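Student: Sharing a structure below in structure tokens format, with a few things to ask.
Please treat every number below as a calculation from the coordinates, not as lab data. Keep in mind that this is a model prediction, so the values were computed, not measured. Cβ coordinates were reconstructed from backbone atoms using ideal geometry, including for glycine residues, and neighbour counts include every protein chain displayed.
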Amino acid sequence: MAQAKVRTAVFPVGGLGTRFLPATKAVPKEMLPVVDRPLIQYAVDEAIEAGIERLVFVTGRGKSAIEDHFDIAYELEQTMGSRGKDLSVLAPTRFTPGDITYVRQQEPIGLGHAVWCARHVVGNEPFAIFLPDELMVATPGCMAQMVAAYEKVGGNVVCGYEVPEDQTDKYGIVEPGSIDGELVEVKGLVEKPKLGTAPSNLMIPGRYILQPEVMRILETQGPGAGNEIQLTDAMAQLIGQQPFHAFKFGGERYDCGDKAGFAQANFALSLEREEIGEKLREFARARLR
Ligand code: G1P
């Protein structure tokens, strides 16, 4: 049976980014650059590649740079145009008006609450969620691979990524059932389990395809781990009611919500760039000698 197409993606971007202060005092953490593009651009590009047509940003105060990024920059474009500069570099930042919607979360009380804030825009269709802190590198992209998996199994598909056991308390963790290639049946989900109690080392790195019923569950979801309204807790309620799988991602993942992960992403992606890769390689060799 053909599955309902995943047309809408939700990007929760209301978080305060306290781990990157003072850099994120006036600049949203999603606007921190990896090489020459803000983090949010990587997630948006991954969504578009996966066939997503509508973007919903769940924002908060102090996040207007994100809206400006996906808008026309008149002075810049005029000046560049008059100087004969190539404007194609800005193409990924431009969208048809109406294809991007901004919703304000008002208070940062949890990822589940942020997603619920997008309920009216999402409507009654399956939808994707991207946490832009997580930079996923693969060809085809992570979400495109997830959509292909979703087309086979339907229901809910979350990304899964294996981490060392001593990191399982930082993430949403999958309790795995039967395994079929990259698809793992999800039997349970737990948010930030105490070390030593995690049902596996398969964490959820911020990519989801969910059925709209999760919004109804979030409606009344109380606070969970960290006293926040957790998406993981709402998703756990869907298990047994709808198909629920994790898609094991085999590409590279950088946790850019963490300083080391962010530095690694910058280094690794810079090495891939034709114009600067060799310079960095030489620099690293000399530095690490
Ligand atoms: C959130 C989710 C968690 C997920 C993680 C990925 O946690 O709640 O399930 O594994 O993102 O980065 P946070 O990092 O916001 O604490």
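Student: Please state which of the following conditions Ile217 fails to meet, knowing it meets all the rest: (1) touching a strand residue (DSSP E or B) at 6+ places or on another chain (Cβ under 6 Å); (2) under 21 Å from Gly154 (Cα atoms).
Tutor: (1)
Student: Another question about this same structure. Can you say whether Pro108 is within 15 Å of the ligand (Cβ to nearest atom) and either more than 22 Å from Ile217 (Cα to Cα) or surrounded by fewer than 23 Cβ atoms within 10 Å (Cβ to Cβ) (or both), as far as the supplied structure shows?
Tutor: Criteria met by Pro108.
Student: Can you name the helices (runs of 4 or more DSSP H) wholly within the range 199-277 that have at least 2 residues being within 10 Å of the ligand (Cβ to nearest atom)?
Tutor: The qualifying helices (runs of 4 or more DSSP H) are 231-238.
Student: Could you say which residue among Ile109, Ile72 is touching a residue at least 60 places away in the same chain (Cβ under 8 Å) and of a type outside the set (Phe, Trp, Tyr)?
Tutor: Result: Ile109 is the single residue among Ile109, Ile72 that is touching a residue at least 60 places away in the same chain (Cβ under 8 Å) and of a type outside the set (Phe, Trp, Tyr).
Student: Only one of these is among the hydrophobic types (A, V, I, L, M, F, W, C) and farther than 24 Å from Glu274 by Cα: Val137, Val122, Val35, Val89. Name it.
Tutor: Val122
Student: Any idea which residue in the range 3-36 is farthest from the chain's Cα centre (by Cα), counting only those that are part of a helix (DSSP H, G or I) and charged (D, E, K, R)?
Tutor: It comes out as Arg19.
Student: Can you name the residue in the range 158-198 that is of a type in the set (A, V, I, L, M) and in a loop (DSSP other than H, G, I, E, B) and, of all such residues, is surrounded by the fewest Cβ atoms within 10 Å (Cβ to Cβ)?
Tutor: Step by step, filter the range 158-198, then rank; the result is Leu195.
Student: For the list (1) more than 29 Å from Pro243 (Cα to Cα); (2) in contact with an Asp or Glu (Cβ under 6 Å, 6 or more places away or on another chain); (3) surrounded by fewer than 17 Cβ atoms within 10 Å (Cβ to Cβ), I need the number of the one condition that Arg7 fails.
Tutor: The single condition Arg7 does not satisfy is (1).
Student: Right, next: Taking the range 117-140 on its own, how many of its residues are more than 14 Å from the ligand (Cβ to nearest atom), within 16 Å of the chain's Cα centre (by Cα) and not in a loop (DSSP other than H, G, I, E, B)?
Tutor: Count: 3.
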